[in-house]
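The values are calculated or read from the model by the stated rules, or taken from the named source; none is laboratory data. Quick caveat: nothing in here was measured; it's all calculated off a predicted structure. Cβ placement follows ideal geometry from the backbone for every residue including glycine, while neighbour counts extend to all protein chains displayed. Accessible surface is based on the protein model in full, side chains and every heavy atom, while ligands, DNA and RNA are left aside. Shrake-Rupley method; radii C 1.70, N 1.55, O 1.52, S 1.80 Å.
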Amino acid sequence: MEYNFREIEKKWQKRWVADETYKVTERADREKFYVLNMFPYPSGAGLHVGHPLGYIASDIYARYKRLNGFNVLNPMGYDAYGLPAEQYAIQTGQHPAITTEANINRYREQLDKIGFSFDWSREVRTCEPGYYHWTQWAFQKMFGSFYSKGSAHPIEELVAYFEKNGTEGLEDVAQSEELTFTADKWKAMSDVEKQQVLMNYRIAYLGETMVNWCPELGTVLANDEVIDGVSARGGFPVVQKRMKQWCLRVSAYAQRLLDGLDTIQWTESLKETQRNWIGRSEGAEIEFKVKDSDKSFTIFTTRADTMFGVTFMVLAPESELVKELTTADQKAAVDEYLAYVKKRTERDRISDRKVTGVFSGSYAINPFTGEANPIWISEYVLAGYGTGAIMAVPAHDSRDYAFAKHFGLPIVPLVEGCDVSEESFDAKEGIVCNSPRADVKPYIDFSLNGLTIKEAIEATKKYVREHNLGRVKVNYRLRDAIFSRQRYWGEPFPVYYKDGMPQMIPEECLPLELPEVDKFLPTETGEPPLGNAKIWAWDTMTNKVVDCSAIDNITVFPLELNTMPGFAGSSAYYLRYMDPHNNGALVSEQADNYWQNVDLYVGGSEHATGHLIYSRFWNKFLFDLGVSCKEEPFQKLVNQGMIQGRSNFVYRIKDTNTFVSLGLKDKYDVTPLHVDVNIVSGDVLDTDAFRAWRPEYETAEFILEDGKYVCGWAVEKMSKSMFNVVNPDMIVEKFGADTLRLYEMFLGPVEQAKPWDTNGIDGSHRFLKKFWNLFWGKDAFAVTDEEPTPAELKSLHKLIKKVTEDIENFSYNTSIPAFMIATNELTSMKCTKRAILEPMVVLIAPFAPHIAEELWEALGHKTSVCDAQWPAFNEKYLVEDTVKMMVAFNGKTRFGIEFPAGADNATIEAVARAHEQTPKYVEGKQIVKVIIVPGRMINMVLK
RNA sequence: GCCCAGAUGGUGGAAUGGUAGACACGAGGGACUUAAAAUCCCUUGGCCAGAUCGGCUGUACGGGUUCGAGUCCCGUUCUGGGCACCA
């Protein structure tokens with residue numbers, strides 16, 4: 001009987017739907033296991049062979065866990081809000097909801113063909129009101145919370161504190177700016193003033209941030225959309241502008257985000273990426289007084305040990321201190337410099353790192369030396385980090401060094417024996433000297449000379465603390481997340497504005513649904529697309545959305561026009577899968593307590609500093625609220641590597657329509673052009689197909705080598721524009737879903753990036769045919785009930801051991817060969833015994849579920865193979881008939897002596913000693929211990 | 001510049017410190033066939049030897065530890081990734 005994969009796969013995919021094979025519910029009698037894939041954004045291009053890689057890997061694990069008796073949650077859904085759908089809408093007027101729906105349907109169709117064990121009854125879509133209800137709800141909770149002493153608290157607690165104490169004694173509170181006021185002053189504030197104060201503490205807050213603003217386009221641009229100070233699209237001028245935006249106080253959670261990394265099983269590199277992103281640095285804030293003035297300012301440094309090497313100070317151009325400290329004679333120069341800096345974008349600063357700066361005219365007194373150091377202004381100091389002001393130690397910081405050299409400022413080395421004539425000495429090792437300098441009368445009674453740098457840092461911090469010169473401070477690079485987007489296709493904020501202050505619409509009125517607009521572009525007055533919505537005002541009397549014309553600022557108010565960014569909807573979706581149809585809560589306590597958190601999360605590493613940070617932050621907040629019972633959402637994370645495309649190139653001679661073969665292209669001036677990989681076979685171009693491919697190539701001429709046109713190739717991202725996309729539907733149609741699944745796993749380690757090469761797929765397909773033929777004779781089912789032989793049992797148990805270990809370690813690429821070897825062995829032994837073949841079906845079920853179901857049914861089972869039991873491994877079948885003993889001779893390993901299987905250590909040792917050759921081969925060494933490794937060899941421990 | 005990961009045949013890739021290159025692709029040869037497809041068998045790191053057995057060499061490079069190193073340690077080169085005027 002032939003292996004008819006098309007029929008088999010269709011049959012079982014239908015059966016799974018009819019029987020609800022993959023539907024799960026909370027079951028107290030079974031241990032849970034939660035497998036999750038990063039849900040996809042359904043793009044218009046559909047899936048290519050790279051997309052399902054992670055889904056297949058996690059599906060194998062999910063099925064394996066189920067066969068081991070776990071109650072497995074393996075859901076799937078769609079990250080449905082996003083820019084491509086909106087841009088398509090702007091170009092065509094097609095509503096994003098319609099294109100998104102169409103794309104989702106296409107994705108679903110493609111996914112269904114691959115045979116995943118998803119519980120589709122739990123599907124979520126971030127753009128549906130029933131889902132974003134809880135995105136909005138979480139936002140409101142963040143608005144209603146502040147962060148203090150390591151967790152989120154209701155803002156009412158802070159209000160109560162202010163009523164009683166003002167800011168007096170308020171400690172360890174995350175805030176945008178340090179405020180001080182008394183309880184009386186608080187009580188005297190108007191409602192709006194109080195709201196403004198509270199905004200300083202809320203976890204979701206309206207804050208002023210610097211953005212690239214393009215007035216002509218009426219929108220904020222990302223840094224990569226700005227080139228040379230003008231917009232990439234249209235070439236309109238772009239300015240740095242402070243804008244009011246919704247922000248999330250992610251920075252408050254920096255330490256917890258860092259600490260949490262130690263409790264989860266992610267790859268070291270991913271954790272490292274997040275650590276870099278959070279960027280914790282421990283240092284000190286030290287106060288400098290301004291000479292001849294009562295002003296002072298604070299700098300942040302991680303090198304407190306270098307206080308005696310400060311020769312100048314630098315302020316960030318955007319720092320508010322610049323205005324205060326610029327003297328009258330320097331004003332013109334400073335203004336000119338500020339104008340220059342304002343023109344430069346982030347991008348310019350990065351690409352063009354020249355040393356620039358201007359003297360402010362003021363001096364700061366170094367509290368350790370008493371010296372007056374000139375205060376400069378330079379763009380190399382960033383306003384957003386630390387205090388926006390630094391003390392410059394040119395001898396031990398390369399940036400300060402470059403600045404000092406450029407402007408001829410003094411350089412004082414502080415480490416014994418270091419040479420700073422050519423470059424600064426940045427290393428944090430060595431013995432401190434010149435602190436203070438021997439030739440200068442000490443200003444204070446304090447010396448660091450003779451200490452190591454580490455000791456000096458600690459000693460200085462201690463001194464600073466004791467003498468009230470500043471404080472020990474931890475800084476993080478992690479910034480608060482900007483949460484507003486001037487876009488249509490995103491979650492609307494459940495917010496209306498009264499007296500210019502944001503108000504939350506009542507919780508029971510959620511979700512606030514996205515309104516219809518007639519245009520998806522920004523309005524003419526530069527407002528976000530929601531400004532085009534006619535019915536977009538909030539009536540506080542009826543608690544309903546009403547027509548904008550009704551706005552009277554008494555009972556009807558304008559609603560927020562921005563929408564939320566992409567990461568909003570993807571931050572808590574894993575919780576929603578636990579209880580997707582709950583209208584009363586994001587997730588019920590009972591469902592959350594059962595499913596807890598994700599045991600295995602699979603997705604791309606490109607989300608390392610986006611989704612994976614935001615989601616952890618979001619979940620920690622929900623944990624503080626008591627909504628989520630686990631602080632970390634994703635216990636174990638596996639990054640699947642990208643599957644790249646293998647692109648082909650043809651070489652066109654410049655200004656002609658003549659194409660030259662790869663080997664001859666160096667003789668001409670050529671332009672390489674991508675060519676569709678589907679008309680290239682083994683890097684040889686089908687020239688007729690090429691002429692037919694596109695009209696402009698109809699008249700193409702070719703310069704061949706050996707009668708062939710050979711194409712160049714490169715491994716690149718798989719994408720439409722590179723003409724290297726391989727579609728999974730085509731593979732499924734030609735070879736079947738089981739072959740595709742097997743082959744994707746066989747390509748290489750899941751975590752590794754690798755190019756797709758369809759050629760190798762034959763091997764996987766052939767294997768499945770051989771596997772099928774184990775069970776089927778020419779036309780009848782061939783399985784018998786005979787007793788298996790030891791050799792057959794050995795083949796089986798070798799396989800059980802290998803496959804079990806591989807799945808646990810996520811190295812599927814090595815278990816496929818194990819299947820092939822076992823199948824070949826059993827084929828050559830003509831094994832058709834049920835006791836061997838039945839467990840084989842269970843073993844292969846996670847990898848190739850369709851063929852496994854078909855064979856399972858043929859074996860006489862009425863239930864799905866999904867409910868079978870994973871076969872138990874028994875080591876006794878693996879013991880070799882004889883074991884070889886290894887001896888060392890002249891530094892080379894030989895294999896010589898054979899022992900009977902099952903001999904114990906004492907016997908082995910006795911035989912080894914009795915074997916005259918052994919001791920003399922091991923020069924001057926004695927056998928201390930002999931270790932038997934079953935199925936392998938004997939290790940001797942020698943003395 | 002700092003941090004992380006990696007480097008094995010023509011290719012994808014295997015190897016708890018224990019016979020390097022499993023398995024697959026590709027390539028070459030053969031069987032079956034009128035032929036093709038399909039299927040099956042043999043060879044396939046390099047060099048040498050050649051009736052055969054075999055020998056030498058080999059996991060980016062240079063050292064080290066070990067009876068024994070692709071694997072562990074030190075240094076170098078290169079590749080990929082992250083962060084980056086972050087003080």
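A few notes on this one:
- Those residues of region A:497-523 which are in contact (Cβ under 8 Å) with a residue 60 or more places away in the chain and more than 33 Å from the chain's Cα centre (by Cα), in sequence order: A:TYR497, A:ASP499, A:GLY500, A:MET501, A:THR523
- Selection from region A:63-81 of residues that are open to solvent by 20 Å² or more (accessible area, probe 1.4 Å), assigned to a loop (DSSP other than H, G, I, E, B) and of a type outside the set (Phe, Trp, Tyr): A:ASN68, A:GLY69, A:ASP79
- Region A:417-440 residues that are on the phi > 0 side of the Ramachandran plot, paired with ones that are hydrophobic (A, V, I, L, M, F, W, C) and modelled with pLDDT under 85 (beta carbon under 8 Å, 6 or more apart): A:GLY430/A:CYS418
- Candidates are the residues of region A:173-199 that are under 25 Å from A:ALA383 (Cβ atoms) and not in a helix (DSSP H, G or I); the one that is most open to solvent (accessible area, probe 1.4 Å) is A:GLU178.
- Residue match in region A:728-746 (condition: within 14 Å of RNA strand B (Cβ to nearest atom), charged (D, E, K, R) and open to solvent by less than 10 Å² (accessible area, probe 1.4 Å)): yes
- Close pairs from region A:800-816: first closer than 15 Å to A:MET840 by Cβ, partner basic (Lys, Arg) and in a helix (DSSP H, G or I), Cβ under 7 Å, at least 6 apart: A:SER815/A:LYS802
- With respect to the conditions (1) more than 9 Å from RNA strand B (Cβ to nearest atom); (2) in contact with a Pro (Cβ under 8 Å, 6 or more places away or on another chain); (3) under 30 Å from A:GLU716 (Cβ atoms), A:SER811 falls short on a single one, namely (1).
So that you can scan it fast, the table gives a plain yes or no per residue for (1) among the aromatic types (Phe, Trp, Tyr); (2) more than 16 Å from RNA strand B (Cβ to nearest atom); (3) more than 14 Å from A:ASN37 (Cβ to Cβ):
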position	(1), (2), (3)
A:ASP592	no, yes, yes
A:ASP599	no, yes, no
A:GLY610	no, no, yes
A:ARG616	no, no, yes
A:LYS620	no, yes, yes
A:VAL627	no, yes, yes
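- Residues located in region A:764-780, provided they are near RNA strand B (Cβ under 8 Å from one of its atoms) and in contact (Cβ under 8 Å) with a residue 12 or more places away in the chain: A:SER764, A:HIS765, A:PHE767, A:LYS769, A:LYS770
- Yes/no for A:THR523 being closer than 30 Å to A:THR92 by Cα and of a type in the set (S, T, N, Q): yes
- Members of region A:426-446 found to be under 47 Å from the mean Cα position of the chain (by Cα) and assigned to a loop (DSSP other than H, G, I, E, B), listed by number: A:ASP426, A:ALA427, A:LYS428, A:GLU429, A:GLY430, A:CYS433, A:ASN434, A:SER435
- Of the candidates A:GLY361, A:GLY370, A:GLY384, A:GLY408, the single residue that is more than 12 Å from RNA strand B (Cβ to nearest atom) and open to solvent by 40 Å² or more (accessible area, probe 1.4 Å) is A:GLY408.
Rundown of residues vs (1) within 18 Å of A:MET745 (Cα to Cα); (2) open to solvent by 10 Å² or more (accessible area, probe 1.4 Å); (3) of a type in the set (A, V, I, L, M, F, W, C); (4) within 16 Å of RNA strand B (Cβ to nearest atom), yes/no style:
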| residue | (1), (2), (3), (4) |
| --- | --- |
| A:PRO817 | yes, yes, no, yes |
| A:THR827 | no, yes, no, yes |
| A:LYS833 | no, yes, no, no |
| A:ILE836 | no, no, yes, no |
| A:HIS850 | yes, no, no, no |
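- Some residue of region A:586-605 being at pLDDT below 95 and open to solvent by 30 Å² or more (accessible area, probe 1.4 Å): yes
- With respect to the conditions (1) polar (S, T, N, Q); (2) away from RNA strand B (no atom under 12 Å from the Cβ); (3) open to solvent by 20 Å² or more (accessible area, probe 1.4 Å); (4) within 26 Å of A:ILE679 (Cβ to Cβ), A:THR758 falls short on a single one, namely (2).
- Filtered by the rule that a residue be open to solvent by 40 Å² or more (accessible area, probe 1.4 Å), touching a Lys or Arg at 6+ places or on another chain (Cβ under 9 Å) and aliphatic (A, V, I, L, M), region A:441-469 gives no residues.
- Failed item in (1) assigned to a loop (DSSP other than H, G, I, E, B); (2) at pLDDT below 85; (3) touching a strand residue (DSSP E or B) at 6+ places or on another chain (Cβ under 8 Å); (4) not hydroxyl-bearing (Ser, Thr, Tyr), with A:VAL715 passing the rest: (1)
- Only one entry in A:ALA45, A:ALA18 is open to solvent by 40 Å² or more (accessible area, probe 1.4 Å) and modelled with pLDDT under 95, namely A:ALA45.
- Among the candidates A:ASP688, A:ASP655, the residue that is in a loop (DSSP other than H, G, I, E, B) and over 30 Å from A:GLY260 (Cβ atoms) is uniquely A:ASP655.
- Criterion applied to A:THR126, A:THR92, A:THR167 was being among the polar types (S, T, N, Q), open to solvent by less than 60 Å² (accessible area, probe 1.4 Å) and under 29 Å from A:VAL726 (Cβ atoms), and the one residue passing it is A:THR126.
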